[in-house]
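The values are calculated or read from the model by the stated rules, or taken from the named source; none is laboratory data. Everything numeric here is computed off the predicted structure, so don't read it as measured data. We place every Cβ from the backbone using ideal geometry, glycine too, and count neighbours over all the protein chains shown. Note: areas computed on protein heavy atoms with side chains; ligands, DNA, RNA excluded. Shrake-Rupley method; radii C 1.70, N 1.55, O 1.52, S 1.80 Å.
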Amino acid sequence: MTGKRALIVDDEPDIRELLEITLGRMNIETAAAHDLASARKRLEEEEFDLCLTDMHLPDGNGIELVKLIAEKRPGLPVAVITAYGSMDTAISALKAGAFDFVQKPVDLDQLRALVETALKITPLGESPTTSTTGLTGTSPTMIRLREQIAKLARSQAPIYISGESGSGKEVAARLIHEQGPRSDKPFVPVNCGAIPSELMESEFFGHIKGSFTGAVADSEGLFQAAEGGTLFLDEVADLPLSMQVKLLRAIQEKAVRAVGAAKEAAINVRILSATHKDLANEVHQGGFRQDLYYRLNVIELNMPSLRERADDIPELTEQILQKLCNEYEASVPEISDEAMHALQRYDFPGNVRELENILERAFTLCEDERIQSSDLHLGGGQAVTLDSVNKEILSTPSAHTPVAGVALAPGQSLEDYLEDIERQLITDALDATRWNKTAAAKQLGITFRALRYRLKKLELE
């Protein structure tokens, strides 16, 4: 923290002194202002790395200062100090461009965590060096999206990421985390629709030993696991109303109470959320609390559908095929002009995720290292999200008889059963050809590439 300077704006001498002492112990030099006018003067004449301002000042309010800094000094993080319980005011400040907020009476641990996070922000004009996630595409839509994400990464405001299924909402959330000051802390994604309702409170907030049947030891929840980092609530619209109330309190109080615990524990977590549903409509229909909606949707980031950026499909295709080749140790197939044109004309209701499924299937079934439009199976009513390669192998005439009996074993899924049949068919073909993979593929009626893909997936190599 050596060499850092902070501007403290508050008309109460006791608060100013408390903040000055706290930041001084963090080796941060401070300067003070008691109203908007003196704060403006300080900002014009001096350089600062952080600004802390009270909301209520003798000649105005903190939001005015937030807007001024956003306009004149956009690289300077500013946090507001609000009265206890005034979340609407805090949200207004975040929407105006504030980095974060802290409530009175000031919790010094929360304040120190806020200051440390603020001072980790990458200066404007410098690219973050820790990000490993990327959003592929050079279309104007994607360029704007990356600019938005870079800006949102500098704030601690809750972000609601909207968009269709498969459009890359989790990728965007990871990018916001990796480009932000919390990048060295955990990113914890959770699918809210995948947690049984009776376990939700324990999963989110943790529990202590003996708090309920089966609680044989203390267990931390998702909020604790994300401490200092980011908690990504995917499919947040699937949360039951009873859990929405508890989540709202955790966000407002910046504290959680583990199941069976006597008191709350402070948390330092940034909240990002997403759903493919229309969350505003869910509020209108009564399935989602309006107050929680406003807490989560401080800033909205909309992910474009793939059909809105068809110009990015060639680059995405190349990236996906390269990834498949690296995974299965195969050469990159050429894709015909006709096949590429077909992809660019296709509607992609499943977005990038559907493109990945289509290309994986074409990758395994194409002949002569070249993907033709016929390998894509677009618009033919075939669900490419199904394991089409399994289906093709099982429907191919073979000299070998499948496993006798068609009844599922207790606890066995259909997918496991089909994999067992597929495994035996492939093993029989390899045994019959003395493990000549080219001959075995021909006997099974599939391409050599498809056989290699199945061998790797079934762990037969």
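Tell me the mean residue ellipticity at 222 nm calculated for the chain from its helices only (DSSP H runs of n ≥ 4, each -39500 (n - 2.57), averaged over every residue, nearest 500).
-13000 deg cm²/dmol
Starting from the 7 Å offset along Cα-to-Cβ, what nm value, one decimal, do you get for the label separation of residue 46 and residue 334?
Between residue 46 and residue 334, the label points sit 6.8 nm apart.
Between residue 191 and residue 409, what FRET efficiency comes out of the Förster formula 1/(1 + (r/R0)^6) with R0 = 25 Å and r the beta carbon distance, rounded to 0.05?
It comes to 0.30.
Roll a 1.4 Å probe over the protein heavy atoms and report the accessible area of residue 87 in Å², nearest 10.
Rounded to the nearest 10, the figure is 10 Å².
Taking amide hydrogens as modeled 1.01 Å from N in the peptide plane, which residues meet the under 5 Å criterion relative to residue 103, leaving out close sequence neighbours?
82
Tilt of helix 448-457 relative to the longest C-alpha principal axis of the chain, in degrees (0 to 90, nearest 10)?
It works out to around 50 degrees.
Take the Cβ-Cβ distance between residue 17 and residue 424 as r, set R0 to 51 Å, and report the resulting FRET efficiency rounded to the nearest 0.05.
So the FRET efficiency works out to roughly 0.05.
Please find the FRET efficiency linking residue 261 to residue 112, where r is the Cβ-Cβ separation and R0 is fixed at 25 Å, and quote it to the nearest 0.05.
0.60
Describe numerically, in nm with one decimal, the distance between label points set 7 Å from Cα along Cα→Cβ at residue 437 and at residue 253.
My value for the distance between the label points is 5.9 nm.
Starting from the Cα of residue 138, move 7 Å in the Cα-to-Cβ direction to define the label point; list residues of region 308-332 whose amide nitrogen is under 17 Å from there.
Residues 309-320 fall inside that zone.
Would you mind checking which residues have amide H under 5 Å from residue 302's amide H? H placed 1.01 Å from N; only 5 or more apart, or other chain.
Residues meeting the criterion, in which the H sits 1.01 Å from N, are 162.
So how do 9-17, 63-71 stack up, highest first, on mean other-Cβ count within 10 Å?
Packing proxy ranking, top to bottom: 63-71, 9-17.
How much length is gained if the chain between residue 326 and residue 368 is pulled fully straight, taking 0.36 nm per residue apart and subtracting their Cα-Cα distance, in nm to one decimal?
Residue separation times 0.36 nm, minus the Cα-Cα distance, leaves 13.3 nm.
Using a 1.4 Å probe and ignoring any ligands, DNA or RNA, find the accessible area of residue 56 and quote it in Å² to the nearest 10.
Counting only protein heavy atoms, residue 56 exposes about 130 Å² to solvent.
So how tilted is helix 313-328 from the main axis of the chain? Cα-based, degrees 0 to 90, rounded to 10.
Approximately 70 degrees, to the nearest ten.
Given points 7 Å out from each Cα along the Cα-Cβ axis, report the residue 199 to residue 319 separation in nanometres with one decimal.
Using points 7 Å along Cα→Cβ, the separation is 3.3 nm.
Considering only DSSP beta bridges where both residues belong to the chain, give the percentage that are antiparallel (nearest 5).
Taking every DSSP beta bridge within the chain, about 15 percent pair in antiparallel fashion.
Straight-line reach from residue 41: which lysines have Cα under 19 Å away, leaving out those fewer than 8 places along the same chain?
Within the straight-line cut-off, residue 41 pairs with 67, 72.
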